[in-house]
Amino acid sequence: MLTRTALHRFTRPGHPTVSVTVLPHAGGSASYFRCWVPAAQRLGVELTVVQHPGHEELFSEAPASTLEEMSLIVGETIRNEAERTVLFGHSMGGLLAYETAIALAGQDRELLGLHISGSRAPDQPVSNPRHELPDERLVASIAAMSPDEPCPLEDEQLAAVLLPQVRLEMRLAETHHRAPLPLAIPIILHMGTEDPDFSAEDAPAWERFTSSGTELLAHPGHHFYLGSEAAAGEILESIIARIPREAEDERNTPCNS
């Protein structure tokens, strides 16, 4: 029996410019992206964030065993709205976003767009997997990913509750592997300029995973550059700017009565 995810729809404008569904990083809950709400409201974006099993209201939900399993659940959840949905996945969520796009393509459902942030290509090995580290070193390693930002896991009480789920999801991401299976849509890549995990040198590996080209966008900050209202606005504006012209024309065409 498959586990389940939940969708948190943070904004629901009457005539959205685009529908963006966010897939969080390993250890990331939907609430992490509440800081995106003001920018989404300002830009008229319908913003939805996936809640992974094991987080917040799904704390007792059984975890998925693979990212492929998670992608089937996410894909089924958004299947009927895929043609109006842009997926944005960060870190583990980037790998999951690609797998979800593959799952939807297999059902003749194509996303409006695919944006992947701070994530290695699925065929690239992880040389020093974090999920194998002892607790203290794992927390230090996570804190070093964005040294200018507070790391909740440095609180021992929080770490006792949250670290097992973080480790599990890091294992899912770090052991995930897929040979290139090109999508028919472009892949837009995002990175923090000071991200120790993903740099411009890692971006070309994604070119084999699409037949429609890639583009790399750099944002100020470290691995968790996206956790602010300012970053959210920059990311959402870049998504809107890359909506396919035919989709934009269709949205702007008056309905015939």
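Taking Cα pairs under 8 Å and at least six residues apart, what relative contact order does the chain come out at, in percent?
On the way: 483 pairs, mean separation 50.7, N = 257.
Reported relative contact order: 20 percent.
Out of 17, 100, 85, any idea which swings most in a Gaussian network model of the chain, alpha carbons joined below 10 Å? Between 17, 100, 85, it is 17 that shows the largest mean-square fluctuation. Solvent exposure of the chain, expressed per residue, is 47 Å² of accessible area, with all protein chains present and a 1.4 angstrom probe.
Stick to the Cα atoms of the chain, pair each with every other, and give me the Kirkwood hydrodynamic radius in Å at one decimal.
Values: mean 1/r = 0.0541 Å⁻¹.
Roughly 18.5 Å, rounded to one decimal.
Here, P(r) means the percent of Cα pairs in each 5 Å bin from 0 to the largest distance; for region 94-212 it is 2, 10, 18, 20, 18, 14, 10, 6, 2, 0. For region 152-206, pairs of C-alpha atoms spaced more than 13 angstrom apart make up 74 percent of the total. Using the Karplus relation 6.51 cos²θ - 1.76 cosθ + 1.60 with θ = phi - 60°, the per-residue 3J(HN,Hα) values for region 26-43 come to 4, x, x, 9, 4, 5, 4, 9, 4, 5, 7, 4, x, 5, 4, 5, 4, 8 Hz, with x marking Gly and Pro. For the pair region 116-179 and region 62-104, the centres of their Cα atoms are 20 angstrom apart. The base-10 log of I(q)/I(0) for region 19-138, evaluated at q = 0.15 Å⁻¹, reads -0.72 [Debye formula, identical scatterers on Cα atoms, solvent excluded]. Net charge of the neighbourhood of residue 47, taken over other residues with C-beta under 15 Å away and scored Lys/Arg +1, Asp/Glu -1, is 0.
Neighbours of residue 121 by Cβ distance under 14 Å: Lys/Arg scored +1, Asp/Glu scored -1, total -4.
Where only DSSP H runs of four or more residues are counted, the chain gives -10000 deg cm²/dmol as its mean residue ellipticity at 222 nm, each run worth -39500 (n - 2.57). All other residues with a Cβ under 14 Å from the Cβ of residue 12 taken together, and with Lys, Arg as +1 and Asp, Glu as -1, what is their net charge? Residues near residue 12 contribute 0 overall.
The values are calculated or read from the model by the stated rules, or taken from the named source; none is laboratory data. Please read these numbers as outputs of a predicted model, since none were measured by experiment. Heads up, the Cβs are rebuilt from the backbone with ideal geometry, glycines too, and the neighbour counts pull from every protein chain shown. Surface areas here come from the heavy atoms of the whole protein model, side chains and all, with no ligands, DNA or RNA. Shrake-Rupley method; radii C 1.70, N 1.55, O 1.52, S 1.80 Å.
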